[in-house]
1. Take the range 4-43 and flag every residue that is in contact with a helix residue (DSSP H, G or I) (Cβ under 7 Å, 6 or more places away or on another chain) and under 13 Å from residue 90 (Cβ atoms).
2. Sort out for me the helices (runs of 4 or more DSSP H) sitting completely within the range 1-48 that have 3 or more residues that are in contact with a strand residue (DSSP E or B) (Cβ under 7 Å, 6 or more places away or on another chain) and at pLDDT 80 or above.
3. Taking the criterion of being modelled with pLDDT of 85 or more and touching a Lys or Arg at 6+ places or on another chain (Cβ under 7 Å), would at least one residue in the range 180-190 satisfy it?
4. Working only within the range 35-58, note down all residues that are over 17 Å from residue 127 (Cβ atoms) and surrounded by 13 or more Cβ atoms within 10 Å (Cβ to Cβ).
5. Name, by its number, the condition in (1) at negative phi; (2) over 13 Å from the mean Cα position of the chain (by Cα) that does not hold for residue 167.
6. So, residue 146, is that one buried (at least 17 other Cβ atoms within 10 Å of the Cβ) and at pLDDT 65 or above or not?
7. Report every pair of residues separated by at least 6 positions or lying on different chains whose Cβ atoms are under 9 Å apart, first residue within the range 154-182 and in a loop (DSSP other than H, G, I, E, B), second among the aromatic types (Phe, Trp, Tyr).
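The values are calculated or read from the model by the stated rules, or taken from the named source; none is laboratory data. This structure is a prediction, so every number in the text was calculated from the model and none was measured. So basically every Cβ, Gly included, is an ideal-geometry build from the backbone, and we count neighbours across all protein chains shown.
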Amino acid sequence: MSPPPGQVPELVARIAAGDREAIVELLARYRSRLRRMVALRLDPRLQGRVDASDVIQEGYLDAIRRLDEYTRDPSVPFYIWLRFLVGQRVAECHRRHLTRPGRDVGREVSIYRGAMPGVSSGALAARLLGKLTSPLQAAMRAERKLQLQEALNSMDPIDREVLVLRHYEQMSNGDAAAALGLEKAAASKRYTRALERLQQILGDLPGGVDGDAT
């Protein structure tokens, strides 16, 4: 569970004063949110090879080493800074395990070319479609997933990303804007536009979907 917004500056102030217990407390509060982020962005081909907990732990070690840097200039919310560091560890996993000479793995799996790996259109489609388990449902799901991936790829990349940040990473509009380097009004406008486009896409799929789309 994330700490209440008013508690974060207090914990950061304690960290700046050298309170190491405050570091442990603050990092522990964000672990579940970061697990969702990593699960959405870690390439499916790395399942069984890379543990999300290890990725988060490496990001936490980076954060501890760089805490002085953040406390001197906390220009973004603490979670956005921490998420960025963990996201860089996800990107490093992709480079280490997937990149080959002459091959841009980012172009293959990312739906947003940002500072960290974007959610793949396949992962987002799977989330939107929900869980269909019978043989007939599984066959229908595979077909719909391909159709949905194609439709998602037609969306503006940043619109897709702000949709993921708001809906799946459960960010506020302000945090989503900070993560993307946008003004709050621009982030809000993009989210509204992306949600309308997504609803149109889902409505156009034959047979609709069975997952929770919105």
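1. Matches in the range 4-43: 34, 35, 37, 38, 39, 40, 41, 42, 43.
2. No helices (runs of 4 or more DSSP H) qualify here.
3. Checked the range 180-190: no residue is modelled with pLDDT of 85 or more and touching a Lys or Arg at 6+ places or on another chain (Cβ under 7 Å).
4. Answer for the range 35-58, where residues must be over 17 Å from residue 127 (Cβ atoms) and surrounded by 13 or more Cβ atoms within 10 Å (Cβ to Cβ): 45, 46, 50, 51, 55, 56, 57, 58.
5. Residue 167 satisfies every listed condition except (2).
6. No, not satisfied.
7. That search, which allows pairs on different chains as well, returns 171/79.
Okay, residues lined up against (1) crowded, with 19+ Cβ neighbours inside 10 Å; (2) in contact with a strand residue (DSSP E or B) (Cβ under 7 Å, 6 or more places away or on another chain); (3) modelled with pLDDT of 90 or more:
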{"position": "68", "(1), (2), (3)": "no, no, no"}
{"position": "79", "(1), (2), (3)": "yes, no, no"}
{"position": "85", "(1), (2), (3)": "yes, no, yes"}
{"position": "89", "(1), (2), (3)": "yes, no, yes"}
{"position": "99", "(1), (2), (3)": "no, no, no"}
{"position": "103", "(1), (2), (3)": "no, no, no"}
{"position": "115", "(1), (2), (3)": "no, no, no"}
{"position": "120", "(1), (2), (3)": "yes, no, no"}
